[in-house]
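A.B. asks: Provided herewith is a single structure, encoded as structure tokens, for subsequent inquiry.
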Amino acid sequence: FRWAVGEGLVQPGVLQALAAVPGLRRGRTAARESKAVRPVPEEHIDAVLPLVSRQVAAMIHLQILTGMRPAEVATMRLCDIDMRTTVWEYRPQSHKVEHHDRERIVYIGPRAQEALRPFLRPDPTGYLFDPASAEAERNARRRAQRATPLWPSHVRAQESKHRRRSTASVRPGRYTEAAYRRAIDRSCVRAGVPHWTPHRLRHNAGTLVRREFGIEVARVVLGHASIGTTEIYAEADRLRAKKAMERLG
């Protein structure tokens, strides 16, 4: 309706009237009540980690240590990470609030850096977490665990497939949010633990940071906006968030 008023399609009084309508109150209407999003219990995370690829496991660790959104961790590239300071600064190429002209900085502390280092690649514009690499590693483990040798026709087929991949100049792909979520879904079923989503891992990070450093630092770490916050206070909060990640991340 705000857009419609700006386009001259609706009278301004309509928007003002809508702004005066109160929101629904919990337990006061017939509307379905949504459940509050809670952090993932540590035992459920520990049950899933051995069952996922090392790429997905690193993405889980990074979300817990930095508070990144699933899309932010899935689209990490070396060219978006500033490594010139003790705490690295990651500026996602695209993020949830970019249309509001807000900068998103993810602070990567020492523990998160260790989780990330094995995936740094020479191509600065390539995505760090490549599902094709995860699939190749899974197939290699399966071949190593075979009780019987491969048939000669299988060996020739695999060699031909490897040659095609090595000669193809295709940039490594990346995990989509859906693929990342499905990998965790499947592992939850295999582990016999309740289903959880990667988005909830932000609540794990936020809970830890808020307990140690307060709600304002947690807000900056998670990339939440605060109405009325000036750039001076935002800069002060960023410094506090950076110090928090140096200790926790």
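The values are calculated or read from the model by the stated rules, or taken from the named source; none is laboratory data. What you see is a predicted model, and the numbers here were worked out from it, not measured in a lab. Glycine also receives a Cβ, built like all others from the backbone with ideal geometry; neighbour counts cover every protein chain displayed. Side chains are part of the model used for accessible areas, which takes the heavy atoms of the whole protein and leaves out ligands, DNA and RNA. Shrake-Rupley method; radii C 1.70, N 1.55, O 1.52, S 1.80 Å.
A.B. asks: Let me spell it out: the conditions are (1) open to solvent by 90 Å² or more (accessible area, probe 1.4 Å); (2) modelled with pLDDT of 90 or more; (3) under 21 Å from W196 (Cα atoms), and Q11 meets all of them except one. Which number is the exception?
C.D. replies: (3)
A.B. asks: Output the number of residues of the range 34-84 satisfying the condition of being of a type in the set (S, T, N, Q) and out of contact with any Lys or Arg (no Cβ under 8 Å at 6 or more places or on another chain).
C.D. replies: Total satisfying the criteria: 3.
A.B. asks: Ok, one more. Cβ-Cβ under 6 Å, sequence separation 6+ or interchain: first residue in the range 121-137 and closer than 16 Å to C79 by Cα, partner open to solvent by 50 Å² or more (accessible area, probe 1.4 Å). Which pairs?
C.D. replies: The qualifying pairs are P124/C79; T125/C79; G126/R171; Y127/R174.
Residue by residue, here is whether (1) charged (D, E, K, R); (2) part of a loop (DSSP other than H, G, I, E, B); (3) touching a residue at least 60 places away in the same chain (Cβ under 8 Å) holds:
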site	(1), (2), (3)
A4	no, no, no
A17	no, no, no
P22	no, yes, no
R38	yes, yes, yes
E43	yes, no, yes
